[in-house]
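Chemist: Following this message is one structure expressed as C-alpha cells.
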Amino acid sequence: MKHRIPPTLLAALLGIPGLMAQEIPVQERVLPNGMRVILVERSGEPSISCGWVARVGSADERPGITGIAHLFEHMMFKGTRVIGTRDAVRDMELNREQDRVVVTIREEQDLLRERLRRGEIKDIGDPNARTPRLQAALDALDKLVREQRELIVKDEFSKVYSQGGATGMNADTTSDRTFYHIDVPANKLELWAWMEADRIRNGVFREFYSERSVVLEERRLRVEATPYGRTLESFTAMLWQAHPYRWPVIGWPSDITTITRDQADLFFSTYYAPNNISLVLVGDFRTGEAMATVQRYFGTLPANPVPPPKVTTLEPPQSGEQRLLAEADAMPMLAIAHKTVPSVHRDAPALKVLMALLQGDSGRLKRSLVNEKGIAVFAEAFASGMKYGGLFFLEAVPAPGHAPEELEAPLLAEIRTLQEQGVSDRELQKVKNQLAASALEIIEKNSDLRDQLAEAEGAGTYLDFLAQPARLQAVTREDVMRVARAYFTHENRATVIVRRKEAK
C-alpha cells in the first residue's frame, strides 16, 4: 500500500514554513543624501559580497541615445582622476580636445545624414562618402585617442581590487537598472567603499569615443552574429508598441555611434546621484562598523535635488494578435509571448506558479509536446516580470520532420486546459514546493543573496523579495485559473515563427 505524503507534511520536510516569511536578517539604513543601504550580516566566510544598483536602465533612455545606460557600464571601469592615468592633467586636456573635434565630426555627419535622406549616398558610414573636413576631423580624433592611450594605466581599477584579494568584479545593465558588484575580503570593505565612492564622485570617462566602437563590437557579437539575435530584437520591437522596452538594452547602432560626452555627463548627473542608488552588503561585517565606513565615503556624495524623471509611458492594449515570420541560420523555433504585469504586481506570484506548472522536465509542456506527442525536442515556459511590465513566453523547437507552426496549437492547448480545468491541489503544492526549494538555493550564497536584494531594489524594494515566498505559497487554484484567463488572450498575444534560412 502506497502512503501519500500530505502536502503540508511535504512542505514541512522541505523546510517551507521557515521560508514563509523569508526570515533573512536584513537591515536597512538611509544616508542623509538619500542613498539606501541594505545590509545582511553573515558570519562563516571571511568575505563580503558588495554591490550597488543605480535605478537606471534602457527604459530611461530616449530615441537618439539608446544604449547610453549600457555604455556607462563600460565607462565606469575607466578609472577616476587618480586611477587609470599617468598624467591626470594632460588626460583631461585630451578629453576636452576630443570633445572639440567631435563637434566638427557631428556637423559633417549631419550633412551626410541629409544626403542620405535625399538619396545622394547609400551609407552614412561609407568612407568614400566622407568630406575632406570629416576625414581630417576623424584623423585628428584618432591621433588624440592614441596619445591618451599612451597615458592610460590599463585596467588599473580592477588591478587595485585584485591586489586586495577581491574577486568577481563585474557589472550588468537591464532595461530597469545598472548593477556593479564584487566580492572582497572582510577586511577590505574600506577599500571597496573608497573605490566605489570615488568612481561615482570622480569618474573620468576617458576613451569615451573609442569605447563606443567597443560597444558596437559587443553588439555585433551578442546580437548580429548570434542565430536568433536580430530576430528576437525585431520581435521585442514589435511586442512593445509604445513603451521604452521596445528598444534593445545595448542600443541601436546609429545611436551608439553618435552619443556625445555632453549627453553622457547629463545622463550621469541625472541618474547616478546617491538618492537614486542602493548599496547592498552581504557577509562578514558588523553593521555599526560597516555603516561608519559607508557614511564616511558615500555620505559626502551630493544628492541630486531634482529627482530623475519617471517613465510615464504606459503600454496601450493591443488591437489584435501580432505575428512575425522570420528566417535564420538556426534551428526552427516558435515563441509565443503574452504581456503580463510588473514584478511587484499582485498577480505576479500566480503567474510564477503558472510558469512552474509548465516548465522543466516534469512540466506540462515537455510532458505533452516532447514526451507524449514527440513533435518537439524542446518546450518551455518563462515568465519575466520587469519594473513596468512583464512577459510570459511559451517556446518550442520542433522535432525532425515537424514544422514550428505545428507547435502553436499544442502549446496554446496547455494554456486552455489551465483556463478551463485549472490545476489539482496536489500539482499546485508540488510546484509550490519546487519554488520554495529554489528560494532556499538562491539565498544560500552571499553573492546570490546580494544579487537578489539588488534586483528587488532596482524594481521596488528589498521587502518585495522578502515577501515573495509567502506570496507564492498563498497562490490558490482560483488564482492560477484567473491569471490564465486574464492574460492569455488572443488580443494580448505575439508570435514569432523562425524557419531555417534556405542555402543559396
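The values are calculated or read from the model by the stated rules, or taken from the named source; none is laboratory data. Computed from a predicted structure; not experimentally measured. Cβ: placed from backbone, ideal geometry, glycine included. Neighbour counts: every protein chain shown. Note: accessible area is taken over every heavy atom of the protein model, side chains too, but ligands, DNA and RNA are not part of it. Shrake-Rupley method; radii C 1.70, N 1.55, O 1.52, S 1.80 Å.
Chemist: Rounded to the nearest whole Å², what accessible area per residue is found for segment 313-377 with the 1.4 Å probe? All intermediate terms of the calculation are to be shown ahead of the outcome.
Modeler: Details: 2950 Å² over 65 residues.
With the other protein chains kept in place, segment 313-377 gives 45 Å² per residue.
Chemist: Convert each backbone phi in segment 366-377 into a coupling constant with the Karplus relation 6.51 cos²θ - 1.76 cosθ + 1.60 (shift: θ = phi - 60°), then list the ³J(HN,Hα) values in order as whole Hz, x for Gly and Pro.
Modeler: Running phi through 6.51 cos²θ - 1.76 cosθ + 1.60 with θ = phi - 60° gives 5, 4, 7, 7, 8, 7, 8, 7, x, 9, 9, 9 Hz.
Chemist: Just the number: Rg to Rh for segment 452-501, Cα atoms, Kirkwood Rh, two decimals. Walk me through the intermediate numbers first.
Modeler: Values: Rg = 16.8 Å, Rh = 14.1 Å.
Computed over Cα atoms, the ratio is 1.19.
Chemist: Can you give me the orientation-averaged projected area of the convex hull built on the Cα atoms of segment 112-265, in nm²?
Modeler: Details: hull surface 51.7 nm².
It is 12.9 nm².
Chemist: Moving on to the next point. With charges set only on the Cβ (+1 for Lys and Arg, -1 for Asp and Glu), what does the dipole of the chain come to about its Cα centre, in debye to the nearest 20? Intermediate values should be presented prior to the final figure.
Modeler: Numbers: 65 positive and 69 negative charges, 109 e Å.
Computed about the Cα centre, the dipole is about 520 debye.
Chemist: What is the angle, in °, between the Cα long axis of helix 261-271 and the longest principal axis of the Cα atoms in the chain? Nearest 10 is fine, range 0 to 90.
Modeler: 50
Chemist: What's the angle, to the nearest 10 degrees (0 to 90), between helix 189-202's Cα axis and the longest principal axis of the chain?
Modeler: Long axis of 189-202 versus the principal axis of the chain: about 60 degrees.
Chemist: Place the peptides 262-269, 396-403, 77-84 in order of packing, highest mean first, counting for every residue the other Cβ atoms within 10 Å and averaging per peptide. Write down the numbers at each step before the final one.
Modeler: Details: 262-269: 14.6, 396-403: 16.2, 77-84: 19.6.
Highest to lowest by the protection proxy: 77-84, 396-403, 262-269.
Chemist: Oh, and also: Any idea how far the Cα center of segment 302-372 sits from the one of segment 75-131, in Å?
Modeler: The distance from the Cα centre of segment 302-372 to that of segment 75-131 comes to 38 Å.
Chemist: Further question: Over segment 132-207, with the other protein chains present, what is the accessible area per residue in square angstrom, probe 1.4 angstrom? Please report the intermediate quantities before stating the final value.
Modeler: Values: 3400 Å² over 76 residues.
Heavy-atom accessible area per residue stands at 45 Å².
Chemist: For helix 446-459, what angle does its Cα long axis make with the longest principal axis of the chain, in degrees from 0 to 90 and rounded to 10?
Modeler: 80
Chemist: With the alpha-carbon atoms as the only input, what is the per residue convex hull volume for segment 311-351 in Å³?
Modeler: Details: hull volume 6.5 nm³, N = 41.
Hull volume over Cα atoms, normalised by residue count, gives 158 Å³.
Chemist: Tell me which of L440, A486, V145 sits at the most positive position along the dipole axis of the chain, charges placed on C-beta atoms (Lys, Arg +1; Asp, Glu -1).
Modeler: A486
Chemist: Still on this model: Between N170, G64, L281, whose Cα lies farthest towards the positive end of the dipole of the chain when Lys and Arg beta carbons carry +1 and Asp and Glu beta carbons carry -1, centred on the Cα centre?
Modeler: Of the listed residues, the answer is G64.
Chemist: While we're on this one: Over 23 Å between C-alpha atoms is what I'm after, so list which of K78/K143; K366/K387; K122/K501; K310/K352; K78/K188; K310/K387 land there. Let's see the in-between values first.
Modeler: On the way: K78/K143 19 Å; K366/K387 30 Å; K122/K501 26 Å; K310/K352 27 Å; K78/K188 21 Å; K310/K387 12 Å.
In this structure, K366/K387; K122/K501; K310/K352 lie more than 23 Å apart at Cα.
Chemist: Right, another one. Counting only C-alpha contacts under 8 Å and six or more residues apart, can you give the relative contact order of the chain as a whole percent? Present the calculation step by step, with values, prior to reporting the outcome.
Modeler: Numbers: 834 pairs, mean separation 119.4, N = 504.
Contact order relative to length: 24 percent.
Chemist: Of the accessible area of the chain, with the probe set at 1.4 angstrom, what percent is carbon plus sulfur?
Modeler: Working: 12680 of 23880 Å².
That share works out to 53 percent.
Chemist: Then there is this: Counting only helical runs of four or more DSSP H residues, what would the 222 nm mean residue ellipticity of the chain come to if each run contributes -39,500 (n - 2.57) and the total is spread over all its residues?
Modeler: Working: 18 runs with 220 residues, N = 504.
Taken over the chain, the calculation gives -13500 deg cm²/dmol.
Chemist: Any chance you could check the Cα centroid distance between segment 380-401 and segment 134-166 for me, in angstrom?
Modeler: 41
Chemist: In Å², and per residue, what accessible area does segment 55-100 have when probed at 1.4 Å with the other protein chains present?
Modeler: Details: 1760 Å² over 46 residues.
Accessible surface, normalised per residue, equals 38 Å².
Chemist: Let me ask something else. For S47, list long-range residues whose amide hydrogen, built 1.01 Å from N in the peptide plane, is under 5 Å from its own amide hydrogen.
Modeler: Amide H neighbours of S47, under 5 Å, 5+ apart: A186, D284.
Chemist: Quick one: in the chain, what % of C-alpha pairs are over 39 Å apart? Show your work: numbers first, answer last.
Modeler: Values: 43994 of 126756 pairs.
That tail contains 35 percent of the Cα-Cα pairs.
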